[in-house]
Amino acid sequence: MRRHKITGVTPESIGESLGVEAGDFLLEIDGQTIGDVFDYRMMVQADELTVLIEKEGSSPDAGELWELDIEKDADRDLGLEFETALMDEVRLCRNKCVFCFIDQQPPDLRDSLYMKDDDPRLSFLHGNYVTLTNASDAEIERIARYHLSPLRISVHTADAALRCKMMGNKHAGKLFSALERFNRAGIEMHFQAVICKGMNDGVFLDETIERLLGYKPGAASLAVVPAGLTRHREGLELVPNFGTSDARGVIKQVEAWQGKCRAKYGSPFVYAADEWYILAGRDVPKYETYGDFPQLDNGVGMLALFEREFLEGFDDLGLCDFKALSKEKVGIATGTAAYMFMRRLARKFEAIHTNVKINVFKIDNRFFGETVTVSGLLTGGDVIHQLQGKCGGLDILFLPRNAFRAGTETMLDGVTREALAQALNINIRIGSANGNEFYKELLQAAGFAQNPTKKV
């Protein structure tokens, strides 16, 4: 029998009213063992259930089994919290993908950066992409039966043999029977195809798009993403970098499919990642192209959304009296991919707020290699090395939020915001990932009053 330790009980919840406490163990619901969070969530949706609890060792009722008969509204939770979000161990990746970014990292980073998860439960809970190569037939059936929607699935190619080769897993070709089962179950599916030059591009990409469209209405969107290649590929298969003409070809191919999909389904379905447009030297598509931004977590449409949000700041505050602004100099450090984009926004800001000067700094990624251009993979060491002696006269330097570990002020290589500030002798701020909020942060950094006065 599996025992799930309860680490907390929500105040005024059903669990608290019945005397369940942190430290107790959940054993069964309606006579069934709970395997993980999916089982738990489905079982507690009943309006009548029987819960078996084992009291924890230090309580007066230690070791007692409490059988609790519960009547409730079907959508009301029990208020129990557990040691892990999954109520189980994370399932690890069994693949050896030729483009795996984790395999291309240098040694001596924190352990969590080397962990490869490939867990369908994390796809449902957190939007992680999964390959499904480690999911058994029984697990596929359970996902379909529980209607775990939406799911985000890494496909890469519709050619089963090529998928096995690219992912280094002989089971990788079994994906498509699972997609058919999910489609029949009414599960919404979002896909990604990481593209390697000379492998799954060209006609293979056409075949992939065409096959995935066959899983509609479940098939909701597809992101076409270039493989991220670092300088740490010793012992790995040679994968060429895409060039400008290659990127333009991929964009042309994707846009042709978007036209077909709009005509037939009313939406583009397939989207080229922002990196393709930057590499091609083209502006990203207009905001309206992305609809409800189904692939935003994959970085698709991120620049278009940020720009729209940023420019909305002009609408919100553009009629204000900016005499309260001091003549400040502000810096923005970003990766090479977003450099020209941020320069353009900075010039628009300066055109309206003429007593503010914004310097945008391009940080080359020497830690992973200069073919890695996204700001989310910048390191503190690269920022310090490349900006040393260049921040004189600046009052504030902004770094992007995604360059720091979620919920912290620590960058990928362990360098903190405070350490950056000391090394560069400047006030470092972490800029918002929301364009409108970042616009306001720039104003505030330039000495703008919190409550501006509207011009009459």
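All of the numbers you see were taken from the coordinates with simple rules; none came from a lab. This is a predicted model, so every value here is computed, not measured. All Cβ positions, glycine included, derive from the backbone under ideal geometry; neighbour counts span all protein chains shown.
Distance between the C-alpha centers of region 390-418 and region 157-172? Whole Å please.
39
On alpha carbon coordinates alone, what is the Rg over Rh value for region 166-205, Rh being the Kirkwood radius?
Reported Rg/Rh (Cα atoms, Kirkwood Rh): 1.04.
Highest first, please rank the peptides 191-197, 71-77, 31-37, 405-411 by the mean number of other Cβ atoms sitting within 10 Å of their residues.
Working: 191-197: 22.3, 71-77: 10.4, 31-37: 15.0, 405-411: 12.9.
Those peptides, ordered most packed to least, come out 191-197, 31-37, 405-411, 71-77.
Please give the contour-minus-distance gain from Asp47 to Asn427: 0.36 nm per residue of separation, less the Cα-Cα distance, rounded to one decimal in nm.
Extending this stretch completely gives an extra 131.3 nm.
Given the Cα-Cα distance of Asn434 and Arg231 and 0.36 nm per residue of separation, how much length would full extension add, in nm? Could you put the intermediate results ahead of the total?
On the way: separation 203, 0.36 × 203 = 73.08 nm, distance 3.11 nm.
Once the chain is fully extended between Asn434 and Arg231, it gains 70.0 nm.
Could you state the per residue volume, in Å³, of the convex hull enclosing the Cα atoms of region 125-190?
Residue-normalised Cα hull volume stands at 80 Å³.
When every alpha-carbon pair in region 95-214 is counted, what percent end up more than 22 Å apart? Before the final figure, lay out the partial values.
Numbers: 2525 of 7140 pairs.
Percent of Cα pairs beyond 22 Å in region 95-214: 35.
Two decimals is fine: what's Rg over Rh for region 206-267, C-alpha atoms, Kirkwood radius as Rh?
Ratio of gyration radius to Kirkwood radius: 1.09.
For a quick check: with amide H placed at 1.01 Å from N, whose amide H comes under 5 Å from Thr416's, ignoring anything fewer than 5 positions away on the same chain?
Long-range HN contacts for Thr416: Met411.
Collect residues whose amide H, placed 1.01 Å from N in the peptide plane, falls under 5 Å from the amide H of His156; neighbours closer than 5 in sequence don't count.
Long-range HN contacts for His156: Gln192, Ala193, Val194.
With a bin width of 20 angstrom, please list the P(r) values of the chain as percents of all Cα-Cα pairs, from the 0 bin to the one holding the largest distance.
Computed distribution, short to long bins: 21, 46, 31, 3.
With no solvent and one equal point scatterer placed on each C-alpha of region 360-456, evaluate the Debye formula and give log10 I(q)/I(0) for q = 0.17, 0.19, 0.22 Å⁻¹, two decimals.
Evaluating at q = 0.17, 0.19, 0.22 Å⁻¹ gives log10 I(q)/I(0) of -0.78, -0.95, -1.21.
Where the convex hull is taken over the Cα atoms of region 377-432, what is its projected area averaged over directions, in nm²?
Dividing the Cα hull surface by four gives the mean projection, 3.4 nm².
May I ask you to compute the full-extension gain from Phe314 to Arg262, defined as 0.36 nm times their residue separation minus their alpha-carbon distance, rounded to one decimal in nm?
Using 0.36 nm per residue and subtracting the Cα-Cα distance, I get 15.5 nm.
Rounded, prolate or oblate: which fits region 1-92, taking a ≥ b ≥ c as square roots of the Cα gyration tensor eigenvalues, rounded meaning a/c under 1.5, else prolate when a/b beats b/c?
It comes out rounded by the Cα gyration axes.
I'd like to compare 328-335, 176-183, 236-243: which one has the highest average count of other Cβ atoms within 10 Å, and what's the full order after that? Spell out each step's value before the answer.
Working: 328-335: 22.8, 176-183: 18.0, 236-243: 14.0.
Most protected by this proxy first, the peptides run 328-335, 176-183, 236-243.
Give me the net charge of Val270's neighbourhood, meaning all other residues with Cβ under 14 Å from the Cβ of Val270; Lys, Arg count +1, Asp, Glu -1. Present the calculation step by step, with values, prior to reporting the outcome.
Numbers: positive: Arg211, Lys216, Lys252, Lys260, Arg262, Lys264; negative: Asp201, Asp206, Glu207, Glu210, Glu255.
Net charge around Val270: +1.
Using only the Cα atoms of region 1-45, build the gyration tensor, take square roots of its eigenvalues as a ≥ b ≥ c, and label the shape rounded, prolate or oblate: rounded if a/c is under 1.5, else prolate if a/b is larger than b/c, else oblate.
Since a/c reaches 1.5 and a/b is larger than b/c, the shape of region 1-45 is classed as prolate.
Return, ordered by residue number, the residues of region 238-279 whose backbone nitrogen is under 15 Å from a label point located 7 Å along Cα→Cβ of Arg344.
It comes to 274-279, nothing else.
Could you let me know the centre-to-centre spacing of region 1-57 and region 75-143, using Cα atoms, in angstrom?
The distance from the Cα centre of region 1-57 to that of region 75-143 comes to 24 Å.
Under the rule of -39500 (n - 2.57) per DSSP H run of 4 or more residues, summed and divided by the residues of the chain, what mean residue ellipticity at 222 nm is obtained, to the nearest 500 deg cm²/dmol?
Rounded to the nearest 500, it is -9500 deg cm²/dmol.
Report Rg(Cα)/(2.2 N^0.38 Å) for region 92-159, keeping two decimals. Present the calculation step by step, with values, prior to reporting the outcome.
On the way: Rg = 13.6 Å, N = 68, 2.2 N^0.38 = 10.9 Å.
Compactness ratio reported: 1.25.
Sort 346-356, 300-310 by the packing proxy (mean of other Cβ within 10 Å over each peptide's residues), most packed first.
Taking the mean over residues of other Cβ atoms within 10 Å, the ranking is 300-310, 346-356.
Would you work out if region 163-260 is rounded, prolate or oblate? Take a ≥ b ≥ c from the square roots of the eigenvalues of the alpha-carbon gyration tensor; rounded if a/c is under 1.5, else prolate when a/b is larger than b/c, oblate otherwise.
Working: a/c = 2.54, a/b = 1.35, b/c = 1.88.
It is oblate, given that a/c is not under 1.5 and a/b is not larger than b/c.
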